[in-house]
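Report on the structure given below.
The values are calculated or read from the model by the stated rules, or taken from the named source; none is laboratory data. Please read all numbers here as calculations on a predicted model, not as lab measurements. Ideal geometry is used to build each Cβ from the backbone, glycine not excepted, and the neighbour counts take in all protein chains shown. What goes into the accessible areas is simple: the full protein's heavy atoms, side chains included, and nothing from ligands, DNA or RNA. Shrake-Rupley method; radii C 1.70, N 1.55, O 1.52, S 1.80 Å.
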Amino acid sequence: QVQLVESGGGLVQAGGSLRLSCAASGIGFSINTMAWYRQAPGKQRELVAGITSGGNTNYADSVKGRFTISRDNAKNTVYLQMNSLKPEDTAVYYCCVNFRHYTGRLNDVWGQGTQVTVSS
């Protein structure tokens, strides 16, 4: 089975920066797409950014130009660099990894979530 461990959340002032990390561990798998989602109280979970195995990226309009998603395949890790943070970015951030099991079956696995709080 694949397990994800997230880190890097915390408390920052508006205009500050944070870097989230999500490391995948396990055996018998290869990673396809990696993505970051977030969910604020009273709102639905939304896609923030995604990156394919080939390095193609996409972003939500609300974070475009401020956030950057990247991956280190040697470390099985995806990152989210968040700059110029706004109070509206306050949410629990979750990473999601689509992987191929050794059997050939595709599955998604989710991280435990990390809290990002931006003060005004």
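Quick check: anything in the stretch 21-32 in contact with a Gly (Cβ under 8 Å, 6 or more places away or on another chain) and open to solvent by less than 30 Å² (accessible area, probe 1.4 Å)?
Yes, some residue in the stretch 21-32 is in contact with a Gly (Cβ under 8 Å, 6 or more places away or on another chain) and open to solvent by less than 30 Å² (accessible area, probe 1.4 Å).
Only one entry in Ala14, Ala35, Ala91 is hydrophobic (A, V, I, L, M, F, W, C) and open to solvent by 30 Å² or more (accessible area, probe 1.4 Å), namely Ala14. Which of the strands (runs of 3 or more DSSP E) found entirely inside the stretch 26-120 contain at least 1 residues meeting this: without any contact (Cβ under 8 Å) to a residue 40 or more places away in the chain and closer than 17 Å to Ser7 by Cα? Here the list reads 46-51, 67-72.
Of the residues making up the stretch 50-81, those that are of a type in the set (A, V, I, L, M, F, W, C) and modelled with pLDDT of 95 or more are Ile51, Ala60, Val63, Phe67, Ile69, Val78, Leu80. Screening Pro41 against (1) within 19 Å of Thr117 (Cα to Cα); (2) open to solvent by less than 60 Å² (accessible area, probe 1.4 Å); (3) at pLDDT below 95 leaves a single unmet condition, (2).
Checked against (1) touching a Leu at 6+ places or on another chain (Cβ under 9 Å); (2) open to solvent by 40 Å² or more (accessible area, probe 1.4 Å); (3) modelled with pLDDT of 95 or more; (4) not charged (D, E, K, R), Leu47 passes all but condition (1).
Does the stretch 34-45 contain any residue that is over 15 Å from the mean Cα position of the chain (by Cα) and of a type in the set (D, E, K, R)? Looking through the stretch 34-45, at least one residue is over 15 Å from the mean Cα position of the chain (by Cα) and of a type in the set (D, E, K, R).
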